[in-house]
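The values are calculated or read from the model by the stated rules, or taken from the named source; none is laboratory data. What you see is a predicted model, and the numbers here were worked out from it, not measured in a lab. Heads up, the Cβs are rebuilt from the backbone with ideal geometry, glycines too, and the neighbour counts pull from every protein chain shown. Protein only, heavy atoms only, side chains kept; ligands, DNA and RNA dropped before computing areas. Shrake-Rupley method; radii C 1.70, N 1.55, O 1.52, S 1.80 Å.
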Amino acid sequence: MNKYHEFWKNNANKYARSPVFEQVLSFFEGKTLNILEIGCSRRLDIEGNNDFIKGDGGSSFFWANYINSFGDKLQIVDISEEAINNCKILLEDFIPNTNISFLCSNGKDLINNNFDLIYLDGSDNPVETLIQFNKINTENT
């Protein structure tokens with residue numbers, strides 16, 4: 001187990017957003033999921049009082065762990081090649097046995113009805129996030 005995965009397992013309950021991720025995944029009751037995550041971890045720091053400890057990158061672990069346990073696919077998209085490469089390092093323990101793909105692109109263009117869950121965390125611009133949200137068919141996703 002790499003140090004990031006180990007850190008997440010030992011500290012996931014300290015992330016402010018952890019209860020939200022756990023609640024969302026509980027709605028699916030162990031069914032296979034096709035998940036799209038728009039935006040991923042920007043940093044690999046796990047020391048001190050930093051964003052990783054506060055939850056930056058934590059969502060990818062929740063989704064990967066779920067897919068590893070119950071199946072289907074996780075697609076992670078970010079406009080930053082560095083963020084994609086960081087996320088590959090974070091999730092390297094999952095990659096050999098879990099259906100995870102990474103794409104350096106604008107996630108807005110990938111939103112469609114094929115996903116069961118779409119996590120929007122790729123923009124600090126509320127207008128851009130609203131545009132992404134409005135592309136989601138909330139009857140199916």
Test item: Cα-centred dipole of region 1-139, Lys/Arg +1 and Asp/Glu -1 on Cβ, debye: 180 debye
Net charge of neighbours whose Cβ lies under 12 Å from the Cβ of residue 117, counting Lys and Arg as +1 and Asp and Glu as -1: -1
Part-to-part distance (alpha-carbon centres) for region 93-132 and region 1-42, which is given in Å: 14 Å
Linear extension gain, residue 17 paired with residue 124, 0.36 nm per residue minus alpha-carbon span: 36.8 nm
Estimated FRET transfer efficiency (residue 46, residue 80; beta-carbon r; R0 22 Å; 0.05): 0.70
Per residue accessible area of the chain, 1.4 Å probe, in Å²: 54 Å²
For the chain, alpha-carbon Rg relative to the globular expectation (2.2 N^0.38 Å, N residues): 0.99
Percentage relative contact order, region 80-141, counting C-alpha pairs under 8 Å, at least six apart: 32 percent
Distance (nanometres) between label positions extended 7 Å along Cα→Cβ at residue 9 and residue 133: 3.6 nm
Cα gyration tensor category, rounded, prolate or oblate, for region 98-141 with a/c compared to 1.5: oblate
Helix-only CD estimate at 222 nm, as mean residue ellipticity for the chain, using -39500 (n - 2.57) per DSSP H run (n ≥ 4): -11000 deg cm²/dmol
Formal net charge of residues neighbouring residue 1 (Cβ-Cβ distance under 13 Å; K, R +1; D, E -1): -1
Candidate lysines - alpha carbon under 25 Å from residue 108, same-chain residues fewer than 8 apart omitted: 73, 88, 135
